[in-house]
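Reviewing the structure listed below.
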Amino acid sequence: MVRRISSLREKVWLLAHDEQNDLRPLIDVRALGIGLAAATLTDLLLQDRIYVKHGLIHTNRERTGPAADPIATDILAAITEEPAPRIAEVVRGARVDLVDDGNNPYQRLHERTLAGLVAGGHLLEQHRRLRSTRYQLADSHLVTSIRADLRSQLVRHPRGKCDPAMDCLCALVLSLNLHSTMVFPFSTEEAEPILLDITGRIPARAGKDAPLTILPHLVQVVRYAVGDLATAAF
């Protein structure tokens, strides 16, 4: 049985790859890793497993047990075990130029998300002799449907119904500039202010002190972290 895609992290991964070209990345994989860390935090915010106060990430002790998937569970465990980390530290912890002893839960999210999509039956592996493994969608309409939902959200804004998960996906798309790789009924220049407005309205829609009020700040943290890649030494 194919597992339904519900995590924003997996949706961001799929949107960031070209399904017409062996699922090759559409953006810098280093930037995508940062975005996937932010998407995992957003999944945990939506599940009411964490909240951010004064820039520090805290776990909701009233909600126990594993998160919705192994990657989110590992990151939740790391947040629980450490003194409350700063949101910027977690996002920047996904940078591939940092030393990784193999135990950093914020790194290798690109590869781990890929493995999860294969295990869930969404991607098919094609092993080739003397060449790298190739991947393809098990359902050719999967990414198309995600993009269609995004287009609908933009077209209907601000009159569309409140959909916290979709609003958050719009915010993550904005943070990685993924809208520049998509075909919308708008140009990239026209889509950006709509995405900015959707992101800016998330706190009011979520309600005072709700976990999702941090989303606009999270978008800025991702943008700063991605911008730092331009001056990082590799």
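Please treat every number below as a calculation from the coordinates, not as lab data. Only a predicted model underlies this, so the values are computations on that prediction, with no experimental measurement involved. All Cβ positions, even for glycine, are placed from backbone atoms using ideal geometry, and neighbour counts span all protein chains on display.
Go ahead and estimate [θ] at 222 nm for the chain from helices alone: -39,500 (n - 2.57) per DSSP H run with n ≥ 4, summed, over the residue count, rounded to 500.
Value at 222 nm, helices only, nearest 500: -15500 deg cm²/dmol.
I need the peptides 58-69, 36-47 ranked by packing, meaning the mean over residues of other C-beta atoms within 10 angstrom, with the highest value on top.
Listed from highest to lowest mean packing, they are 36-47, 58-69.
If the chain between Thr80 and Arg201 were fully stretched, how many nm would it gain, using 0.36 nm times the residue separation less the Cα-Cα distance?
That pair, Thr80 and Arg201, stretches by 40.6 nm at full extension.
Return the sequence-ordered ³J(HN,Hα) values of the stretch 37-53 in whole Hz as given by the Karplus equation 6.51 cos²θ - 1.76 cosθ + 1.60 applied to θ = phi - 60°, using x for Gly and Pro.
Coupling constants for the stretch 37-53: 5, 5, 5, 5, 4, 5, 4, 5, 5, 5, 7, 6, 8, 9, 8, 10, 9 Hz.
Can you give the three extents of the C-alpha atoms in the stretch 1-89 along their principal axes, from longest to shortest, in whole Å?
Reported extents, whole Å, longest axis first: 43, 33, 17.
Can you give me the C-alpha center-to-center distance between the stretch 32-47 and the stretch 151-226, rounded to a whole angstrom?
14
Packing-wise, with mean Cβ within 10 Å as the measure, how do 212-220, 19-27 rank, highest first?
Most protected by this proxy first, the peptides run 212-220, 19-27.
In debye, nearest 20, what is the charge dipole magnitude of the stretch 146-234 about its Cα centre with +1 on Lys and Arg Cβ and -1 on Asp and Glu Cβ, if you could check?
300
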